[in-house]
Amino acid sequence: MDGASLLGMAKKYGTPLLVTSEKRIVENCRILRSEFIKYYDNTSFKYAVKTNSNPKLISVIANEGFGADASSVAEISFARYAGVKNSNILFSPNYASVSELKYALDRNIAINFDDIGQFQSLSKYGMPDVVSFRLNPGFGRGEFPGIVTAGPGAKFGMPSDKMSRAYKMAKDGGVKRFGMHMMAGSNVLDPEYFAAITARILDAAGKISKSIGIDFEFIDIGGGLGVPYRPNEKPLDIERTARLVTKVFKEKCGEYGLGEPALMMEPGRYIIADTTVLLGTVNHVKRYSRTFIGTDVGMNILLRPALYNAYHEVAIANRMDSKNLEKASVTGEICENTDMIAKDRMLPRAEGGDIIAVFNSGAYVYGMSSQYNSRPRPAEVLIRSCGKDKLIRRRETTLDLFSTIV
Ligand code: LLP
């Protein structure tokens, strides 16, 4: 990776280990930013911290001009620690407690309210400067049903016909600055879809602006930009996505007289997924009617295959050129039969001591990991742009598992 040997990293730091390329993060940020700015220079990016909340990585992203989208108080803290200013943080929590909302209010951090009720319960403590509500645009899309976050069954946001009451209440309460938010699903590779949901939110904003007489400072179309996980999958055409989204954005702003609000986006996966490789060690291989490659990387570290049936490409890092293949499943040390990070793949014939590499492990991996079966969480290393490696999170120990026991 960027001149560093991943096998060398496994040896130096041990496994399981997440190794991230700073260079790739920077490239991803620049591609996304330049494509959108090219068509609409009032585009603004807030990195979705939940995707990977290591503050050392957030600060690389922040240096590329990204703010942060936080879903909890701790995520706000990570963003702050990484150098993101309060004015560049958006708080988009879900069913958050009043005390969390108040935390953001007290720091003048803009809130994307998930519901009118959340706004009402906070209003007795004061009025935020900027108020934004989350729209459920009526449909969404995602790679798996579990990551579709809009449509009739979704727990997020408000239907468009309930939005105007919310904005009216905020306006009557003295609020003068407004935004509107949406997040309709994750890991989508179809540019047309992004244009379609952008049209939906602008239709909602346009009607509300007219009927209530308010201006929108920003329209936030959320995240969702996908990356390919399977070898033959085509990447999202980001140039086309930017062109289509900004075209409909400008057209609708013109149609409804919305002026030139910021086009806000909250990408997570697109920025960080393909920057990171997860390394593990093969402990033991079992060959009966099926072959199981037993490693120290299981659902405790990479939950996505067990939770969504997600695919991650896996390689045996020290046998990349081997032609001696067999059909095998890669499993971890966890006492669950869903603990399989890859099923029935053609892989080089593995042996104990081999190193596995799991690709696209930058997004929703460490953040969704657990200590199940009392397994400490892995360490994280950054390969800096200069080619040097740096530990950015130490490995947990058994003592860490004891640390909360009183
Ligand atoms: N903004 C909000 C309010 C979100 O809830 C999310 C992700 C994002 C932005 C970033 O979305 P992205 O650009 O990464 O698609 N755990 C699942 C993904 C769930 C996404 C939840 N929200 C997975 O492992 O695929």
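Bear in mind that the values in this text are calculations on the coordinates, not laboratory data. All figures in this text were calculated on a predicted structure; none of them were measured in a lab. Ideal geometry is used to build each Cβ from the backbone, glycine not excepted, and the neighbour counts take in all protein chains shown.
Structure notes:
- Peptides 116-126, 209-219, ordered by how many other C-beta atoms sit within 10 Å of their residues on average, highest first, read 209-219, 116-126.
- Listed residue (306, 211, 199) projecting farthest to the positive dipole end of the chain, Cβ model: 306
- Ranked list, fewest to most other Cβ atoms within 10 Å of each Cβ, for 253, 335: 335, 253
- The listed peptides 127-135, 27-35, 84-92, 178-186, ordered by packing as a protection proxy, come out as 178-186, 127-135, 84-92, 27-35 (highest mean of other Cβ atoms within 10 Å first).
- Each other residue within a Cβ distance under 12 Å of residue 207 adds +1 if Lys or Arg and -1 if Asp or Glu, for a net charge of 0.
- Here the Debye sum runs over all C-alpha atoms of the chain as equal scatterers in vacuum, and log10 of I(q)/I(0) at q = 0.08, 0.15 Å⁻¹ comes out as -0.46, -1.35.
- Distance between the range 383-400 and the range 194-248 - C-alpha centres, whole angstrom: 36
- Working ranking of peptides 139-145, 17-23 by packing, defined as the average number of other Cβ atoms within 10 Å per residue, highest first, is 17-23, 139-145.
- Reciprocal mean inverse distance between Cα atoms of the range 195-263 - Kirkwood radius, Å: 13.2
- Amide H contacts for residue 46 (H built 1.01 Å from N in the peptide plane; partners 5 or more residues away or on another chain; cut-off under 5 Å): 67, 265, 266.
- The mean sequence distance of close C-alpha pairs (under 8 Å, at least 6 residues apart), as a share of the length of the range 274-401, puts its relative contact order at 29 percent.
- Stokes-Einstein D in µm²/s, Kirkwood radius over Cα pairs - the range 337-406 at 25 °C with 0.890 mPa s viscosity: 160
- In the range 317-364, GluC sites (Glu not before Pro) in a DSSP loop with at most 13 other beta-carbon atoms within 10 Å: 351
- Beta-bridge orientation, the chain: approximately 40 percent antiparallel, per DSSP, counting only bridges with both partners inside.
- Between the range 343-361 and the range 150-188, the alpha-carbon center distance in angstrom: 44
- Within the range 274-401: Cβ-based charge dipole about Cα centre, in debye rounded to nearest 20 (Lys, Arg +1; Asp, Glu -1): 140
- Under the convention that each Lys and Arg Cβ holds +1 and each Asp and Glu Cβ holds -1, the size of the dipole of the chain around its Cα centre is about 280 debye.
- Only Lys, Arg (+1) and Asp, Glu (-1) charged, at Cβ; the range 332-406 dipole about Cα centre in debye: 400
- Within straight-line cross-link reach of residue 286, aspartates and glutamates at Cα separation under 12 Å, skipping those fewer than 8 residues along the same chain: 351
- Compactness of the range 139-182, expressed as Rg and Dmax over alpha-carbon positions, Å: 13.7, 41
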